[in-house]
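Chemist: Please read through the structure below; I'll follow up with questions.
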Amino acid sequence: MVIEENSSLQRYTSFGCYEIGRYLIRISSTDALLEAIAWSKEKKLPYLVLGSGSNLLFTKSFEGILLKMEIMGIKKTNETATDVFLSVGAGENWHHFVSYCVQKGWGGIENLSLIPGTVGASPIQNIGAYGVEVQETIAAVTAIDTQTNQLTTFNNKECDFGYRESLFKKVKNRYVITEVQFILKKQPQLKTDYGAIKEVLHEKNIKNPSLATISQAIIQIRSSKLPDPHQLGNAGSFFKNPSISKTNFEKLKLSFPTMIAFPISDDVYKISAEWLIEHCGWKGSKKGAVGCYEKQSLVIVNYGQATGKEIFDFSEEIIQSVLQKFAILLEREVTIL
Ligand SMILES: Cc1cc2nc3c(=O)[nH]c(=O)nc-3n(C[C@H](O)[C@H](O)[C@H](O)COP(=O)(O)OP(=O)(O)OC[C@H]3O[C@@H](n4cnc5c(N)ncnc54)[C@H](O)[C@@H]3O)c2cc1C
């Protein structure tokens with residue numbers, strides 16, 4: 001077991017801040033994972049699984065053990081006339097996996113093209129974009145239960161997926177995901193009804209899109225709207241879309257008629273956090289090296305040498321201003337440490 005000490009987290013997180021990780025261990029197998037967890041118990045130090053660090057904000061140095069997930073491999077475990085079953089190592093890069101499936105003609109995750117991160121992190125917050133959530137293609141998730149050191153497999157229902165939620169996010173740090181099992185379709189139903197996708201297909205005069213054209217359209221849309229973390233530190237959407245009661249929404253709508261929302265049940269509405277933040281005047285604003293991205297107000301960016309604490313404080317100011325203006329409490333999507 002190789003233990004790296006005092007690593008700068010700058011290259012391990014998409015925000016690119018310079019906080020320090022006390023210990024870092026690269027995990028390339030289940031055995032290596034069990035050994036590292038045993039060491040953390042022996043040293044009585046906390047551990048944290050690190051994928052690509054694209055949904056994490058360290059507000060201070062991490063005085064524990066970072067388990068850098070590097071379990072690799074994409075295996076076809078079964079195939080029927082209609083479906084393909086795949087088992088994928090938690091350390092595989094998510095977008096590479098999507099591209100691999102698109103190339104093979106296996107559908108279901110093409111709308112999730114270009115989301116940064118690892119396959120193992122994809123069930124944690126049930127990644128989603130352009131009308132698709134990863135839970136729709138996950139058959140099961142295999143994880144080490146760190147309380148018992150047993151390898152455990154959770155079927156889709158047991159993962160308890162929700163909007164940017166899952167069992168693994170709720171029960172913090174108990175399960176370390178080693179593999180994710182997917183079911184993909186050989187004759188997929190493409191999801192093209194999302195406004196921006198339709199526009200790109202129309203622009204390119206594509207009448208019968210393929211998996212590849214959908215994936216390319218998504219890549220084009222995302223590249224034009226979201227900052228590339230290699231150029232400008234960020235973690236994608238910093239906040240979740242909040243849910244409020246229908247009565248509350250109807251009351252707010254009287255004062256703010258353009259407010260964007262959509263019903264998720266008979267009496268609950270999900271409000272666009274992007275709209276709320278923009279209407280508090282944050283879009284494109286800057287404070288020192290931290291800012292609210294000019295093309296997408298949900299994204300907080302690091303323009304240079306911002307510390308994690310400065311980014312956190314900036315997000316707190318946004319939360320407070322939204323609370324004051326709309327009496328809605330925004331919740332962070334990014335995991336704060
Ligand atoms: C530019 C940009 C755009 C983005 N767009 C989207 C989007 O459209 N939709 C979306 O849903 N997200 C989006 N995100 C967020 C991010 O890409 C996802 O949350 C991604 O799944 C994080 O993967 P990661 O490997 O970087 O996880 P990390 O950031 O390394 O970890 C995230 C959390 O998961 C835990 N974790 C990671 N791997 C494991 C594992 N194997 N076992 C147990 N716990 C683990 C970590 O401990 C941490 O708590 C975006 C981020 C960026 C920077």
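Chemist: Does any residue in the stretch 317-337 that is within 16 Å of the ligand (Cβ to nearest atom) come within less than 7 Å, Cβ to Cβ, of a residue that is aromatic (Phe, Trp, Tyr) and part of a helix (DSSP H, G or I) six or more places away or on a different chain, and which pairs are these?
Modeler: From the stretch 317-337, the pairs are Ile336/Phe312.
Chemist: Open to solvent by 50 Å² or more (accessible area, probe 1.4 Å) and of a type in the set (Gly, Ala, Ser): which single residue out of Ala81, Ala129 fits that description?
Modeler: On the way: Ala129 fails: open to solvent by 50 Å² or more (accessible area, probe 1.4 Å).
Testing whether each residue is open to solvent by 50 Å² or more (accessible area, probe 1.4 Å) and of a type in the set (Gly, Ala, Ser) leaves just Ala81.
Chemist: Just checking: which of the strands (runs of 3 or more DSSP E) contained wholly in the stretch 133-193 hold 2 or more residues that are in contact with a strand residue (DSSP E or B) (Cβ under 6 Å, 6 or more places away or on another chain) and charged (D, E, K, R)? Spell out how you get there, then give the answer.
Modeler: Details: elements: 138-145, 150-155, 175-185.
Because the criterion is at least 2 residues that are in contact with a strand residue (DSSP E or B) (Cβ under 6 Å, 6 or more places away or on another chain) and charged (D, E, K, R), the strands (runs of 3 or more DSSP E) in the stretch 133-193 that meet it are 175-185.
Chemist: Out of the stretch 52-69, which residues are surrounded by fewer than 19 Cβ atoms within 10 Å (Cβ to Cβ) and either within 11 Å of the ligand (Cβ to nearest atom) or hydroxyl-bearing (Ser, Thr, Tyr) (or both)? Even if it seems obvious, please write down each step before you answer.
Modeler: Initial filter on the stretch 52-69 (surrounded by fewer than 19 Cβ atoms within 10 Å (Cβ to Cβ)): 59-61, 63-64.
Thr59, Ser61 - these are the residues of the stretch 52-69 that are surrounded by fewer than 19 Cβ atoms within 10 Å (Cβ to Cβ) and either within 11 Å of the ligand (Cβ to nearest atom) or hydroxyl-bearing (Ser, Thr, Tyr) (or both).
Chemist: Give Ser8, Ser29, Ser99 a once-over and let me know the one that is farther than 27 Å from Lys240 by Cβ and modelled with pLDDT under 95.
Modeler: Ser8
Chemist: Applying the selection to the stretch 86-107, what residues are touching a Lys or Arg at 6+ places or on another chain (Cβ under 7 Å) and of a type in the set (S, T, N, Q)?
Modeler: Ser87
Chemist: Another question, if that's okay. Based on this model, can you work out whether Gly108 counts as within 13 Å of the ligand (Cβ to nearest atom) and not β-branched (Val, Ile, Thr)? Please lay out each step first, then the result.
Modeler: Values: within 13 Å of the ligand (Cβ to nearest atom): no; not β-branched (Val, Ile, Thr): yes.
Spelling it out, it is not the case that Gly108 is within 13 Å of the ligand (Cβ to nearest atom) and not β-branched (Val, Ile, Thr).
Chemist: Against the conditions (1) farther than 29 Å from Lys104 by Cα; (2) crowded, with 22+ Cβ neighbours inside 10 Å; (3) more than 10 Å from the ligand (Cβ to nearest atom), where does Thr152 fall short? Just the number, please.
Modeler: (2) is the only condition that Thr152 fails.
Quick grid of which residues meet (1) out of contact with any Asp or Glu (no Cβ under 6 Å at 6 or more places or on another chain); (2) near the ligand (Cβ under 10 Å from one of its atoms); (3) open to solvent by less than 40 Å² (accessible area, probe 1.4 Å):
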position: Glu203; (1), (2), (3): yes, no, no
position: Thr213; (1), (2), (3): yes, no, yes
position: Ile219; (1), (2), (3): yes, no, no
position: Leu226; (1), (2), (3): yes, yes, no
position: Ala235; (1), (2), (3): yes, yes, yes
position: Phe238; (1), (2), (3): yes, yes, yes
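Chemist: Looking only at the stretch 107-124, which residues are in contact with a strand residue (DSSP E or B) (Cβ under 7 Å, 6 or more places away or on another chain), farther than 13 Å from Gly53 by Cα and either open to solvent by 10 Å² or more (accessible area, probe 1.4 Å) or outside the structural domain of His96 (by TED's automatic domain parsing) (or both)?
Modeler: Matches in the stretch 107-124: Gly108 only.
Chemist: Got a sec? Which helices (runs of 4 or more DSSP H) wholly within the stretch 206-282 have at least 3 residues that are under 19 Å from the mean Cα position of the chain (by Cα) and farther than 27 Å from Glu316 by Cα?
Modeler: 211-225
Chemist: Identify, by number, the condition in (1) free of Cβ contacts under 8 Å to residues at least 40 places away in the same chain; (2) under 29 Å from Tyr303 (Cα atoms) that Leu201 doesn't meet.
Modeler: (2)
Chemist: Ok, one more. Mind checking whether some residue in the stretch 32-51 is part of a loop (DSSP other than H, G, I, E, B), modelled with pLDDT of 95 or more, under 30 Å from Lys185 (Cβ atoms) and within 14 Å of the ligand (Cβ to nearest atom)?
Modeler: Within the stretch 32-51, one or more residues are part of a loop (DSSP other than H, G, I, E, B), modelled with pLDDT of 95 or more, under 30 Å from Lys185 (Cβ atoms) and within 14 Å of the ligand (Cβ to nearest atom).
Chemist: Still on this structure, I have one more. For the list (1) free of Cβ contacts under 8 Å to residues at least 60 places away in the same chain; (2) within 26 Å of Tyr12 (Cβ to Cβ); (3) basic (Lys, Arg), I need the number of the one condition that Lys251 fails.
Modeler: Failing condition for Lys251: (2).
Chemist: I need the full set of residues from the stretch 7-31 which are touching a residue at least 40 places away in the same chain (Cβ under 8 Å), open to solvent by 10 Å² or more (accessible area, probe 1.4 Å) and more than 12 Å from the ligand (Cβ to nearest atom), in order please.
Modeler: Ser7, Tyr18, Glu19, Ile20, Arg22, Tyr23, Arg26, Ser28, Ser29
The values are calculated or read from the model by the stated rules, or taken from the named source; none is laboratory data. Here the structure is a predicted model, which means the values were calculated and not measured. Positions of Cβ are backbone-derived with ideal geometry, glycine not excepted, and every protein chain shown enters the neighbour counts. Protein only, heavy atoms only, side chains kept; ligands, DNA and RNA dropped before computing areas. Shrake-Rupley method; radii C 1.70, N 1.55, O 1.52, S 1.80 Å.
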